[in-house]
Amino acid sequence: MTLMVFALFFTSLLYSFYKDITIVYPLLGGLICFALLAIQQGYRAAAVYKMMKQGAQSALIVLKILLLIGILTAVWRASGTISYIIYYSIAFISTKYFILSAFLLTCIVSFLLGSSFGTAGTIGVVLVILAQSGQVDLHVVAGAVIAGAYFGDRCSPMSSSANLVASLTRSDLHTNIKNMFKSFIPFILSLLGYTYLSFLHPLTFADNQVALAIANSFDLHIMTALPAIIMLIPVFFRIKVEIPMIISILTGIAIALIWQHKTIFDMLNYIVMGYHMEETSLLAKILAGGGLYSMLKVSLIVLISSAYSGIFAETGLLKNIEDTLERLSQKIKVYPTLIITSLGTAAFGCNQTLAVMLTHQLEHKIYEKRQIKNTTLALDLENTVIVLSALIPWNIAGAVPAAILSTDAGFIPYAFYLFLVPLSKRLTK
């Protein structure tokens with residue numbers, strides 16, 4: 001019966017992906033099925049509800065970060081901060097080293113934004129436009145962009161996944177980020193790989209229409225960069241990321257009012273519904289987004305996935321899989337087992353959040369049994385399931401950025417960083 005429920009759940013997730021239906025629906029359906037399965041096994045309905053509630057409560061800190069990210073990204077768009085970043089990023093693009101430039105720029109932007117989707121939808125779209133005008137293979141560009149986008153998704157203090165991993169493993173976010181930056185070999189090897197691809201795929205023509213549109217639409221005063229600079233504070237000082245996020249939001253609002261001539265009503269509208277421009281230009285499409293509403297679906301996915309973890313933790317529905325992985329870890333060691341688990345959960349879960357939670361659920365007891373520190377578990381999760389999710393063709397972690405960039409799973413062979421990070425433990429020993 002349990003296997004049947006898992007099979008139906010996986011099928012529904014795949015169906016929603018291929019039909020472009022939000023995965024919130026199959027996640028809710030699966031949650032109901034697993035709850036009924038627990039009741040069938042003898043647990044009372046009230047006890048199952050308590051399990052789900054306890055699991056969901058573990059995600060509250062992540063939900064708070066998600067809401068702040070929604071507000072922050074809308075304010076950054078309205079204040080001209082994202083436009084400032086894009087404008088001066090374009091200025092540093094080398095036609096000879098275009099693929100390398102694409103990777104480096106998306107690394108920087110993703111670290112500031114903390115979002116792979118947000119990075120793909122802003123600087124990523126600009127880079128694709130340049131690639132199309134310069135006759136560069138879109139799969140190659142998308143591979144470099146998505147790889148760079150996950151640099152920040154993995155180790156930015158603003159990243160929801162980094163905060164989720166810290167919350168699940170009960171580890172310190174700043175310590176985790178510091179540990180991730182020690183894994184520099186995959187980054188160096190990626191630079192070499194993208195340098196080589198740059199020689200094979202040079203940009204023959206650079207279209208600067210987006211840069212001109214930005215200059216005409218925003219006052220690019222140097223103060224517009226201040227909200228982004230503020231978000232570098234958690235990298236150097238051990239303070240909660242919420243504090244600089246709130247300061248950055250307030251600073252961005254002030255800049256939008258003074259330099260971009262927005263009104264308080266405009267800002268309230270952007271904060272709730274997301275930033276939008278009245279025109280229907282390409283720039284308007286690139287910059288549209290952010291806001292609390294944009295975080296609604298993501299927040300629901302995190303909340304529902306957390307409820308799953310509560311049921312799995314208390315009922316032992318995953319015990320057979322856990323025992324199998326325990327035996328496997330004795331044969332091939334813990335970290336290779338984690339890689340295999342990550343690939344399985346990323347394929348099964350169809351989204352990064354559920355994959356992270358399932359991987360933690362299946363592996364944390366193995367780490368505890370061997371007395372491996374929580375910070376090590378956090379680093380290993382960041383080095384595996386966070387980046388490997390984007391390499392599964394039907395997982396939205398990679399499929400959504402690919403769609404944003406007008407490409408498909410053909411980007412995967414060129415996303416070097418996503419392959420190299422899971423190998424970092426071996427490369428550094």
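The values are calculated or read from the model by the stated rules, or taken from the named source; none is laboratory data. What you are looking at is a predicted structure, and each value in this text was computed from that prediction instead of being measured. Here Cβ is always computed from backbone atoms with ideal geometry, including for glycine, and neighbour counts include all displayed protein chains.
Of the numbered conditions (1) free of Cβ contacts under 8 Å to residues at least 24 places away in the same chain; (2) touching a helix residue (DSSP H, G or I) at 6+ places or on another chain (Cβ under 8 Å); (3) closer than 23 Å to Asn320 by Cβ, Thr11 fails exactly one; give the number of that condition.
So the condition that Thr11 fails would be (2).
Looking only at the range 285-327, count every residue that is part of a helix (DSSP H, G or I), without any contact (Cβ under 8 Å) to a residue 12 or more places away in the chain, farther than 26 Å from Ser160 by Cβ and not acidic (Asp, Glu) and tell me the total.
Selection size over the range 285-327: 4.
Within the range 68-88, is even one residue without any contact (Cβ under 8 Å) to a residue 60 or more places away in the chain, outside any helix (DSSP H, G or I) and among the small types (Gly, Ala, Ser)?
Checked the range 68-88: no residue is without any contact (Cβ under 8 Å) to a residue 60 or more places away in the chain, outside any helix (DSSP H, G or I) and among the small types (Gly, Ala, Ser).
Inside the range 210-224, can you point out the residues that are at pLDDT 90 or above and either assigned to a loop (DSSP other than H, G, I, E, B) or under 20 Å from Gly124 (Cβ atoms) (or both)?
Once the filter is applied, which keeps residues that are at pLDDT 90 or above and either assigned to a loop (DSSP other than H, G, I, E, B) or under 20 Å from Gly124 (Cβ atoms) (or both), the range 210-224 yields Ala213, Ile214, Ser217, Phe218, Asp219, Leu220, His221.
Out of everything in the range 250-261 that is crowded, with 20+ Cβ neighbours inside 10 Å and aliphatic (A, V, I, L, M), what residue ends up being farthest from Gly80 (Cα to Cα)?
Looking at the filtered set, the residue picked out is Ile253.
For the range 1-50, which residues satisfy the criterion of being over 24 Å from Ala397 (Cα atoms), part of a helix (DSSP H, G or I) and of a type in the set (Ser, Thr, Tyr)?
Thr2, Tyr49
Within the range 394-412, which residues are among the small types (Gly, Ala, Ser), surrounded by fewer than 21 Cβ atoms within 10 Å (Cβ to Cβ) and not in a loop (DSSP other than H, G, I, E, B)?
Those that are among the small types (Gly, Ala, Ser), surrounded by fewer than 21 Cβ atoms within 10 Å (Cβ to Cβ) and not in a loop (DSSP other than H, G, I, E, B): Ala399, Ala403, Ala409, Gly410.
For the condition among the β-branched types (Val, Ile, Thr) and more than 30 Å from Leu168 (Cα to Cα), what is the one hit in Val62, Val125, Val109, Val75?
Val125
Just a yes or no: is a residue in the range 205-226 hydrophobic (A, V, I, L, M, F, W, C) and under 27 Å from Ser161 (Cα atoms)?
Scanning the range 205-226 turns up at least one residue that is hydrophobic (A, V, I, L, M, F, W, C) and under 27 Å from Ser161 (Cα atoms).
Please give the number of the condition Gly80 fails out of (1) at pLDDT 90 or above; (2) under 16 Å from Ile304 (Cβ atoms).
For Gly80, the exception is condition (2).
Considering only residues that are under 16 Å from Leu127 (Cβ atoms) and either without any contact (Cβ under 8 Å) to a residue 40 or more places away in the chain or in contact with a His (Cβ under 6 Å, 6 or more places away or on another chain) (or both), which ones fall in the range 381-406?
Ala403
Considering each residue of the range 236-260, count those that are at pLDDT below 95 and part of a loop (DSSP other than H, G, I, E, B), and give that number.
Number satisfying all stated conditions: 5.
Report yes if some residue within the range 147-160 is out of contact with any strand residue (DSSP E or B) (no Cβ under 7 Å at 6 or more places or on another chain), more than 29 Å from Gln361 (Cβ to Cβ), of a type outside the set (Phe, Trp, Tyr) and buried (at least 22 other Cβ atoms within 10 Å of the Cβ); otherwise report no.
Scanning the range 147-160, I find at least one residue that is out of contact with any strand residue (DSSP E or B) (no Cβ under 7 Å at 6 or more places or on another chain), more than 29 Å from Gln361 (Cβ to Cβ), of a type outside the set (Phe, Trp, Tyr) and buried (at least 22 other Cβ atoms within 10 Å of the Cβ), so the answer is yes.
Evaluate the range 93-114: report whether one residue or more is of a type outside the set (Phe, Trp, Tyr), within 14 Å of Ile214 (Cα to Cα) and either in contact with a Leu (Cβ under 7 Å, 6 or more places away or on another chain) or in a helix (DSSP H, G or I) (or both).
no
Any residue at all in the range 319-327 that's of a type in the set (A, V, I, L, M, F, W, C) and farther than 30 Å from Gln209 by Cα?
yes
With the structure loaded, tell me whether Ala91 is of a type outside the set (Lys, Arg), more than 19 Å from Ala399 (Cβ to Cβ), within 17 Å of the chain's Cα centre (by Cα) and modelled with pLDDT under 90 or whether it fails that test.
So Ala91 fails the test.
Quick grid of which residues meet (1) buried (at least 23 other Cβ atoms within 10 Å of the Cβ); (2) closer than 27 Å to Ile249 by Cβ; (3) over 24 Å from the mean Cα position of the chain (by Cα); (4) among the acidic types (Asp, Glu):
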{"residue": "Leu37", "(1), (2), (3), (4)": "no, no, yes, no"}
{"residue": "Gly42", "(1), (2), (3), (4)": "no, no, yes, no"}
{"residue": "Leu67", "(1), (2), (3), (4)": "no, yes, no, no"}
{"residue": "Gly70", "(1), (2), (3), (4)": "yes, yes, no, no"}
{"residue": "Phe103", "(1), (2), (3), (4)": "yes, no, no, no"}
